[in-house]
Structure formats: C-alpha cells, structure tokens
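The values are calculated or read from the model by the stated rules, or taken from the named source; none is laboratory data. No experiment lies behind these values; they were computed from the predicted model shown. Quick reminder, even Gly has a Cβ in these numbers, built from the backbone with ideal geometry, and neighbours come from all protein chains shown.
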Amino acid sequence: MTSLADITIETPLSDDMRVLIAELNDVLSPLTPEEFSFRMSPEEMDGEATSVFVARVNGEAVACGALHRHADGIGEVKRMYTRPASQKKGLGGQVLTRIIAQAMQEGLRQLVLETGTEHAAAWRTYEKAGFTRCGPVLDYPDSPHCIFYSLPLLAETEI
C-alpha cells in the first residue's frame, strides 16, 4: 500500500526534524555499537552540503532522509527514517526517490550509503531503488556491523 506524501526540503533544525532524528537514534542505538554509528546531528546537517527531505502526511512529519554532498560528484544518503505507524506505505521509497532525483539534477555521478546489519527493511528500499551492495565507501571503516550500497547516476563516457 502506497501513501502519497508531500515531500519538501526543510531545515534540519526544526522541532519536527529534531524529533524524527531523536526517534531514529533511539531505534538505531541498540542495534549498532556506538563506534560504528555514523550519525549526523541536526546541527551537522545544517548547511549547503546537506539537503534534508521531510515527508508529511496531513501536515505531520512521518519520514525523512538527507542528501549529503561530498567531493568528486559523490552524494551520500543519510538519516533515512519512517515512523513505525507510517511504515510499509512506501514513504521511505518516496523520500529516497526525491533524494535520487535531486542528486541527478545536480549532476552528481554516484550515490552511496552506509547502513547496519539489522536493517532488512532499509535494504529492500535501497535495492528496489537500484542500489547494489559494495565494499566500504568514502572514509567508512570495513566493519562487520556495516553494509554499504552504491548507485551510479551518470554513465562514464569516453571522449
């Protein structure tokens, strides 16, 4: 069942985003050792390098995700979360689709992400969107607690 949501880029410093991020942290904390948790706080997401997407249903913030830009045309998907009452409605996929579209519009060549070993629902969302598992990305350590994904956005062309 797919729910339609209004998805917009919003400040990570809003009360709604702070609550969503706190809920996400509460979900993730027991699943991954702290030294392998690579979270961004609302303050770290506040700036030109990161766009935060918020899905709202009837005005209520129910899901989020972020696009964090790195050098060399690489974007990273961060802080993907859907509230439990709104899960299994396609909202995470809708947020991810918006992140991918934004990255493509900006001409990024690749999206990458790191997730945990206990997040099968997230894996399905990423794989449905075309992401494939890969080795460690960016400066993440190789860890038995981490799973990495990549999605090429621009085909390499020969001149």
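Just name the residue that is farthest from the chain's Cα centre (by Cα) out of those in region 103-150 that are among the polar types (S, T, N, Q) and surrounded by 13 or more Cβ atoms within 10 Å (Cβ to Cβ).
That would be SER143.
Quick one: in region 94-123, of everything that is small (Gly, Ala, Ser) and within 27 Å of ASP72 (Cβ to Cβ), which residue is modelled with the lowest pLDDT?
GLY116
Out of the residues in region 10-63 that are of a type outside the set (Gly, Ala, Ser), modelled with pLDDT of 95 or more and in contact with a Lys or Arg (Cβ under 6 Å, 6 or more places away or on another chain), which is nearest to ARG109 (Cα to Cα)?
Of everything passing the filter in region 10-63, PHE53 is nearest to ARG109 (Cα to Cα).
For HIS68, all conditions in the list (1) modelled with pLDDT of 95 or more; (2) surrounded by fewer than 19 Cβ atoms within 10 Å (Cβ to Cβ) hold save one; what is the number of the exception?
For HIS68, the failing item is (2).
Could you list, in sequence order, the residues of region 39-92 that are assigned to a helix (DSSP H, G or I) and either more than 13 Å from VAL112 (Cα to Cα) or touching a residue at least 60 places away in the same chain (Cβ under 8 Å) (or both)?
Selection gives PRO42, GLU43, GLU44, MET45, GLY73, PRO84, ALA85, SER86, LEU91, GLY92.
Restrict the check to region 100-109 and report whether at least one residue is of a type outside the set (S, T, N, Q), under 18 Å from PRO136 (Cα atoms) and not in a helix (DSSP H, G or I). Full working, then the answer.
First, pick out the residues of region 100-109 that are of a type outside the set (S, T, N, Q): 100-101, 103-104, 106-109.
Restricting the remaining residues to those that are under 18 Å from PRO136 (Cα atoms) gives 109.
If we keep only those that are not in a helix (DSSP H, G or I) too, we end up with 109.
Yes, region 100-109 contains at least one residue that is of a type outside the set (S, T, N, Q), under 18 Å from PRO136 (Cα atoms) and not in a helix (DSSP H, G or I).
Name, by its number, the condition in (1) buried (at least 21 other Cβ atoms within 10 Å of the Cβ); (2) of a type outside the set (Gly, Ala, Ser); (3) under 11 Å from the mean Cα position of the chain (by Cα) that does not hold for VAL62.
(3)
Which one is modelled with the highest pLDDT, of the residues in region 134-148 that are outside any loop (DSSP other than H, G, I, E, B) and touching an Asp or Glu at 6+ places or on another chain (Cβ under 8 Å)? Spell out how you get there, then give the answer.
Of all residues in region 134-148, those outside any loop (DSSP other than H, G, I, E, B) come to 134, 146-148.
In the following step, the residues that additionally are touching an Asp or Glu at 6+ places or on another chain (Cβ under 8 Å) were identified as 146-148.
Values: CYS146: 88, ILE147: 93, PHE148: 96.
Filtering region 134-148 for residues that are outside any loop (DSSP other than H, G, I, E, B) and touching an Asp or Glu at 6+ places or on another chain (Cβ under 8 Å), the one modelled with the highest pLDDT comes out as PHE148.
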